[in-house]
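Right, one structure below, let's go through it.
The values are calculated or read from the model by the stated rules, or taken from the named source; none is laboratory data. Keep in mind it's a predicted model, so treat the numbers as computed, not measured. We place every Cβ from the backbone using ideal geometry, glycine too, and count neighbours over all the protein chains shown. When the accessible area is computed, the model is the full protein with side chains, heavy atoms only, and any ligands, DNA or RNA have been set aside. Shrake-Rupley method; radii C 1.70, N 1.55, O 1.52, S 1.80 Å.
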Amino acid sequence: MLSVEALEVAYGGIPALNGVALGVDRGEIVALLGNNGAGKTTTLKTISGLLRPLRGAIVLEGESLVGAPAHRIVLKGIAHVPEGRRIFNRLTVRENLMMGAYPRHDAAAIAGDLDRVLTLFPRLEERIGQVAGTLSGGEQQMLAIGRALMLSPRLLLLDEPSMGLAPVLVEQIFETIVDINRQGTTILLVEQNAAMALAIAHRGYVLETGTVVLAGTAAELSDNADVRRAYLGE
Amino acid sequence: MDFQLLVDIFPQVLLDGLILGFMYALIALGYTMVYGVLEFINFAHSEIFIVGAFAGVEILLGLKGAGWLDGLPWPLVLLLLLLAGMAVSGLLAVTVERIAYRPLRSAPRLIPLISAIGVSFFLQDLIRLVESIWRNAFNLVYPTLDALNLRFELTETIDVSVKSIVVIVAALGMLWVLHLLVNRTKIGTAIRAVAEDQAAASLMGIDVNRIISLTFFIGGVMGGAAGVLFGVQYGLINPYSGFIPGLKAFTAAVLGGIGNIPGAMLGGIVLGLLEAFAASYLSLLTGGAFGAEYKDIFAFSVLILILIFRPKGLLGEIVRERA
Ligand SMILES: Nc1ncnc2c1ncn2[C@@H]1O[C@H](COP(=O)(O)OP(=O)(O)OP(=O)(O)O)[C@@H](O)[C@H]1O
Ligand SMILES: [Mg+2]
């Protein structure tokens, strides 16, 4: 579905990605693991068009995405839940969700997706008229994911959905991610929490200083001695 | 001190203050909306405002020249003026952003500010040049519409002109439409989303550049309407007439809390009232020691006082609390 090849990205001349290659097949959850500064966020931002690569290819179902601005890539069905949630604090929960459906015009289908999101996150329904900046951290993460789902995306990019959440909530969010995937959305998941990510992912990649150093099925990665030492704390 | 006189003129002064205030409010919206989205002060907005007044006067003079002015019903004429002023100022604001601000968007903050000041001077002299060639004069007088000058006495001391009512009703109508647009429509929500986080907004599929253009357009439209109302109300305009009202409207926007839309409306009205009351009462209250010419000093002193105690402006805090 998505294929990224030889991706090179730099910030003001300082390289962040040095030839990242990865692929995501339809229906999969793919985990992208790596330490702080490895380039995970940079990879997602480049896929969604927030950053322009120096070189490399990003192809979604045969169509190249390189060079297209972020708001056009959204139209291809890629929703990106950015690092740090980035919900609109001054808009209400409902307005945030409706912004997620901004490019869509099919009112009936949008209403259906709103129902689906509110079923997935009942907490959001209770707070639908509340200004988003007053939500708790966990609720904000739910809103960020819910807002992305309002696009009814084919591919969902998630950047550290567990960041800053209590363990119970992390588990709940991961269960929801599995639900979303079962309902037909392909997911590329960036996580520091490698154990949790590998528990729900089909495949994974390990990124180190801007290059993919390991790739394999979730089971292979979980059994890999280097991964166990470096990311699973053994 | 003649206490009865102070009481008697009160309603008249209130009315004058409201008219001035609504005018400031309309102009202030242009500053505050652009600031809300770009954190940038569009110093050329005072000229975008006065260009609206010129568009209006051109329509009026054109109608008059063609001999149609007296034949047409005055509400239609007024509507025509407003539409012309709004369209010209709105398009001008969008053009200025495209040419003079957008290429500088990633430059250090001071650079687009300097560009805006440059645009401001450029537009002043451009209007002067165009009008000098076209009419051989750049001080222009709004032809009077007789119906607008009709006054009716409410009491012995208060009389209201149709003009004043028109200005207030038009301004209120525009503010109401703007409120609905920003708070009740999808595109308005997108404007607020872009104001808060451009990158996140683009991830929603919002074309940030289009929203920025739209914001300039709306600000320009409000400014253009204010320009026409200014011309209708005060009669005489020249290419430099935008400067002082623009500066005051900018102050009103800061007073209300820059970036805050209800704040700009409130700030405009407060400033208008302060100015009108200072103009009428200073001399009466000080036994002539301070005349009406001190109105700006008085109004701005009050502003500075308010800002000392509320540095984010009258409504500026609300945004922060919700953020
Ligand atoms: N805006 C920026 N300007 C300059 N350098 C940046 C910028 N954003 C990221 N970098 C650098 O690029 C490299 C990759 O950063 P990136 O944010 O992609 O890492 P990450 O894998 O997401 O890390 P984390 O797990 O901490 O979120 C880092 O060395 C970082 O310092
Ligand atoms: Mg990151």
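What number, rounded to the nearest 500 deg cm²/dmol, is the helix-based mean residue ellipticity at 222 nm of chain B, given -39500 (n - 2.57) per DSSP H run of at least four residues and division by all its residues? Before the final figure, lay out each step's value.
Numbers: 13 runs with 238 residues, N = 323.
Taken over chain B, the calculation gives -25000 deg cm²/dmol.
Filter the chymotrypsin sites (Phe, Trp or Tyr not before Pro) in segment B:80-140 down to the DSSP loop ones having no more than 16 other Cβ atoms within 10 Å, then list what survives. Write out the running numbers ahead of the final one.
On the way: sites: B:Tyr101, B:Phe121, B:Phe122, B:Trp134, B:Phe138; in loops: B:Phe138.
Counting only loop positions with at most 16 other Cβ atoms within 10 Å, none of the chymotrypsin sites (Phe, Trp or Tyr not before Pro) in segment B:80-140 qualifies.
Would you please classify the overall shape of segment B:218-323 from the alpha carbon gyration tensor, given that a ≥ b ≥ c denote the square roots of the eigenvalues, rounded means a/c under 1.5, and beyond that prolate means a/b larger than b/c while oblate covers the rest?
Details: a/c = 2.65, a/b = 1.14, b/c = 2.32.
Here segment B:218-323 falls in the oblate category.
Let's test the formula: R0 of 35 Å, r as the Cβ-Cβ distance of B:Ala107 and B:Phe152. What FRET efficiency results, to the nearest 0.05? Provide the component values of the computation, followed by the final result.
Working: r = 55 Å, r/R0 = 1.57.
Plugging the Cβ-Cβ distance into 1/(1 + (r/R0)^6) gives 0.05.
Which angle between 0 and 90 degrees, to the nearest 10, do you get for helix A:167-182 versus the longest principal axis of chain A when only C-alpha atoms count?
Between helix and principal axis, roughly 90 degrees.
Could you give the nm distance between label points at B:Arg310 and A:Met163, where each point is 7 Å from its Cα heading toward the beta carbon?
Calculated label separation equals 3.6 nm.
Of B:Lys64/B:Lys163; A:Lys40/B:Lys186; B:Lys186/B:Lys248, which sit over 29 Å apart, Cα to Cα?
Working: B:Lys64/B:Lys163 19 Å; A:Lys40/B:Lys186 33 Å; B:Lys186/B:Lys248 32 Å.
In this structure, A:Lys40/B:Lys186; B:Lys186/B:Lys248 exceed 29 Å between Cα atoms.
Report D for the protein assembly as shown in µm² per second (integer): Stokes-Einstein, Kirkwood Rh on Cα pairs, 25 °C, 0.890 mPa s.
Working: Rh = 26.6 Å.
Reported coefficient: 92 µm²/s.
What is the magnitude of the charge dipole of segment A:85-152 about its Cα centre, with +1 placed on the Cβ of each Lys and Arg, -1 on the Cβ of each Asp and Glu, and no other charges, expressed in debye to the nearest 20? The partial results should precede the final answer.
Values: 9 positive and 7 negative charges, 54 e Å.
The dipole of segment A:85-152 has a size of about 260 debye.
Looking at the square roots a ≥ b ≥ c of the eigenvalues of the Cα gyration tensor of segment A:55-99, which shape do they give, rounded for a/c under 1.5, prolate if a/b is larger than b/c, or oblate?
On the way: a/c = 3.32, a/b = 2.35, b/c = 1.42.
Prolate shape, in that a/c is at least 1.5 and a/b is the bigger ratio.
How would you classify chain B from its alpha-carbon gyration tensor, with a ≥ b ≥ c the square roots of the eigenvalues: rounded for a/c under 1.5, else prolate if a/b is greater than b/c, otherwise oblate?
Here chain B falls in the oblate category.
May I ask you to give the average projected area over all directions of the convex hull of the Cα atoms of segment A:85-152, in nm² rounded to one decimal?
Hull-based average projected area comes out at 3.9 nm².
Restricting attention to the alpha-carbon atoms of segment B:1-160, what are Rg (one decimal) and Dmax (integer), both in Å?
19.9, 60
Which length gain, in nm to one decimal place, applies between A:Arg52 and A:Thr217 when the Cα-Cα distance is subtracted from 0.36 nm times their residue separation?
This chain segment gains 56.5 nm when fully extended.
With n ≥ 4 as the cut-off for DSSP H runs, can you work out [θ] at 222 nm for chain A, using -39500 (n - 2.57) per run divided by the number of residues, rounded to the nearest 500? Don't jump to the answer; show the numbers that get you there.
Numbers: 10 runs with 89 residues, N = 234.
Here the helix-only value at 222 nm equals -10500 deg cm²/dmol.
Hey, rough spin-label estimate for A:Asp115 and A:Arg26, points 7 angstrom out along Cα→Cβ, what's it come to in nanometres?
With each label point 7 Å from Cα toward Cβ, the separation is 2.6 nm.
Please work out how much accessible surface B:Asp2 shows to a 1.4 Å probe, ignoring ligands, DNA and RNA, in Å² rounded to 10.
90 Å²
Quick one: angle between helix A:137-149 and the longest Cα principal axis of chain A, in degrees between 0 and 90, rounded to 10, please.
90 degrees
How many nm separate the modelled label positions at B:Trp134 and A:Gln183, each set 7 Å beyond the Cα in the direction of the Cβ?
5.7 nm
Once phi is turned into θ = phi - 60°, what whole-Hz ³J(HN,Hα) does the Karplus curve with 6.51, -1.76 and 1.60 give for every residue of segment B:18-28, x standing for Gly and Pro?
5, 4, 4, x, 5, 5, 4, 4, 4, 6, 4
Can you give the FRET efficiency for B:Arg184 and B:Leu80, using 1/(1 + (r/R0)^6), R0 = 30 Å, r = Cβ-Cβ distance, to the nearest 0.05?
E between B:Arg184 and B:Leu80, to the nearest 0.05, is 0.60.
Taking θ = phi - 60°, what integer Hz values does the Karplus form 6.51 cos²θ - 1.76 cosθ + 1.60 yield along segment B:259-276, in sequence order, with x for Gly and Pro?
Taking θ as phi minus 60°, the curve returns x, 9, 5, x, x, 5, 5, 4, x, x, 5, 4, 5, x, 5, 4, 5, 5 Hz for segment B:259-276.
Along the charge dipole of segment A:85-152, Cβ charges K/R +1 and D/E -1, which of A:Ser152, A:Asn96, A:Pro122 sits furthest on the positive end?
Checked the options; the winner is A:Asn96.
For chain A, modelled as a GNM with alpha-carbon contacts under 10 angstrom, which of A:Ala166, A:Ala57, A:Ala68 fluctuates the most?
With Cα springs under 10 Å in chain A, the top fluctuation among A:Ala166, A:Ala57, A:Ala68 is at A:Ala166.
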